[in-house]
Amino acid sequence: MTAEFSEAASWAEQRASHADRERVVQRLQQAMVQGRLELHELDERLGQALNAKTHGQLAALTADLRGIEGVGAGRESVQDQPLVLKGGFHGAVRRGRWTVPSRVIAYGGMGGVVLDFTQAECPLSAVDIDVHGQMAGVTIVIPDDWAVETDRIDPGPGGVTDRTTHDHAPDSPLVRLTGTGGLAGIVVRHPKARERRRLEREAKAARSLPGAATR
């Protein structure tokens, strides 16, 4: 039997390290101190955390414990330096494989900004995006299982268009938007059919690379 492992494997499917498991253990222990978990629940989850193989298995153990500060979990601690994108005259695009920081600032300018998270590595439970549509607007593309909050944006003349679905995984990242729509507005959506076909071609190409298949 042949098993193929894609280089584009999702975050949840990737193998967890000892440090990842230790961060979750600390978070669970803090949850019990705060009264969020009973002792028997802590014992059960600690055993599962220590035996977890993937990030997804670890994330499931803390999905109902969001908001605990001071201890990082598998999705909780990456760079604090914000990503700033400025559309300027020619536009700005961030797509492909990149690591998502906890805060993103996007200015549409006259060229527009496209912020695509579909192949991004996001080890966070929430991402704050301060977005300003200005003259050309900002488009944000998120995976199907991500969630988004748009109620804190001032829509302005251009408005805010949310084309995402309400179905998302319990441990999926939450994108929290603030800012102004400007003249051109803000659009949040999932990948279009053409983009999905491109992603499928790239994943297929990655699987065909030497060393992508084992055993």
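Which members of the stretch 10-51 meet the condition of being assigned to a loop (DSSP other than H, G, I, E, B) and under 29 Å from residue 200 (Cα atoms)?
Of the residues in the stretch 10-51, the ones assigned to a loop (DSSP other than H, G, I, E, B) are 10, 14, 16-17, 34-38.
Once the filter is applied, which keeps residues that are assigned to a loop (DSSP other than H, G, I, E, B) and under 29 Å from residue 200 (Cα atoms), the stretch 10-51 yields 10, 14, 16, 17.
When only residues in the stretch 147-176 that are within 19 Å of residue 195 (Cβ to Cβ) and over 12 Å from the mean Cα position of the chain (by Cα) count, which is least open to solvent (accessible area, probe 1.4 Å)?
Looking at the filtered set, the residue picked out is 164.
With the checklist (1) at pLDDT 90 or above; (2) outside any loop (DSSP other than H, G, I, E, B) in hand, flag the one item residue 157 doesn't pass.
(2)
Suppose the filter is modelled with pLDDT under 95 and out of contact with any His (no Cβ under 7 Å at 6 or more places or on another chain); does residue 207 pass it?
For residue 207, the condition - modelled with pLDDT under 95 and out of contact with any His (no Cβ under 7 Å at 6 or more places or on another chain) - is met.
Name every residue in the stretch 108-135 that is surrounded by 21 or more Cβ atoms within 10 Å (Cβ to Cβ) and within 14 Å of residue 182 (Cβ to Cβ), in order of residue number.
Hits for the stretch 108-135 are 108, 109, 112, 113, 131, 132, 133, 134.
Answer yes if at least one residue in the stretch 115-137 is under 24 Å from residue 23 (Cβ atoms) and of a type in the set (Ser, Thr, Tyr), and no otherwise. Before you say what the answer is, go through the steps one by one.
Here is the first cut: in the stretch 115-137, the ones under 24 Å from residue 23 (Cβ atoms) are 117, 120-128.
Remaining after also requiring of a type in the set (Ser, Thr, Tyr): 125.
There is at least one residue in the stretch 115-137 that is under 24 Å from residue 23 (Cβ atoms) and of a type in the set (Ser, Thr, Tyr).
Checking residue 181 against (1) modelled with pLDDT of 95 or more; (2) surrounded by fewer than 16 Cβ atoms within 10 Å (Cβ to Cβ), only one condition comes out false. Which one?
The failed condition is (2).
Does the stretch 192-209 contain any residue that is open to solvent by less than 70 Å² (accessible area, probe 1.4 Å), closer than 25 Å to residue 65 by Cβ and touching a residue at least 24 places away in the same chain (Cβ under 8 Å)?
Of the stretch 192-209, the ones open to solvent by less than 70 Å² (accessible area, probe 1.4 Å) are 193, 195, 198-199, 203, 205-206.
If we keep only those that are closer than 25 Å to residue 65 by Cβ as well, we get none.
No - not one qualifying residue is present in the stretch 192-209.
Filter the stretch 119-141 down to the residues that are under 29 Å from residue 63 (Cβ atoms) and out of contact with any strand residue (DSSP E or B) (no Cβ under 6 Å at 6 or more places or on another chain), then identify the one that is modelled with the lowest pLDDT.
Among them, the one singled out is 123.
Which number in (1) surrounded by 21 or more Cβ atoms within 10 Å (Cβ to Cβ); (2) aliphatic (A, V, I, L, M); (3) free of Cβ contacts under 8 Å to residues at least 40 places away in the same chain marks the one condition that residue 105 misses?
If we test residue 105 against (1) surrounded by 21 or more Cβ atoms within 10 Å (Cβ to Cβ); (2) aliphatic (A, V, I, L, M); (3) free of Cβ contacts under 8 Å to residues at least 40 places away in the same chain, just (1) comes out false.
Failed condition for residue 212, given (1) at pLDDT 90 or above; (2) farther than 30 Å from residue 62 by Cα; (3) surrounded by fewer than 18 Cβ atoms within 10 Å (Cβ to Cβ), with all others met?
The one condition residue 212 does not meet is (1).
Tell me whether the stretch 125-133 contains one or more residues that are part of a helix (DSSP H, G or I) and more than 18 Å from residue 12 (Cβ to Cβ). Explain how you work it out, then say what you get.
Let us first name the residues in the stretch 125-133 that are part of a helix (DSSP H, G or I), namely none.
No: zero hits.
Identify the single condition in (1) open to solvent by 20 Å² or more (accessible area, probe 1.4 Å); (2) part of a helix (DSSP H, G or I); (3) in contact (Cβ under 8 Å) with a residue 40 or more places away in the chain that residue 144 does not satisfy, given that it satisfies every other one.
The single condition residue 144 does not satisfy is (2).
Kindly evaluate residue 183 against the criterion of being part of a loop (DSSP other than H, G, I, E, B), under 27 Å from residue 130 (Cβ atoms) and touching a residue at least 40 places away in the same chain (Cβ under 8 Å).
Values: part of a loop (DSSP other than H, G, I, E, B): yes; under 27 Å from residue 130 (Cβ atoms): yes; touching a residue at least 40 places away in the same chain (Cβ under 8 Å): yes.
Yes, satisfied.
The values are calculated or read from the model by the stated rules, or taken from the named source; none is laboratory data. Everything numeric here is computed off the predicted structure, so don't read it as measured data. Glycine gets a Cβ as well: all are built from the backbone with ideal geometry, and neighbour counts include every protein chain shown. Ligands, DNA and RNA are stripped out before the accessible areas are found, and what is left, the full protein with its side chains, is counted by its heavy atoms. Shrake-Rupley method; radii C 1.70, N 1.55, O 1.52, S 1.80 Å.
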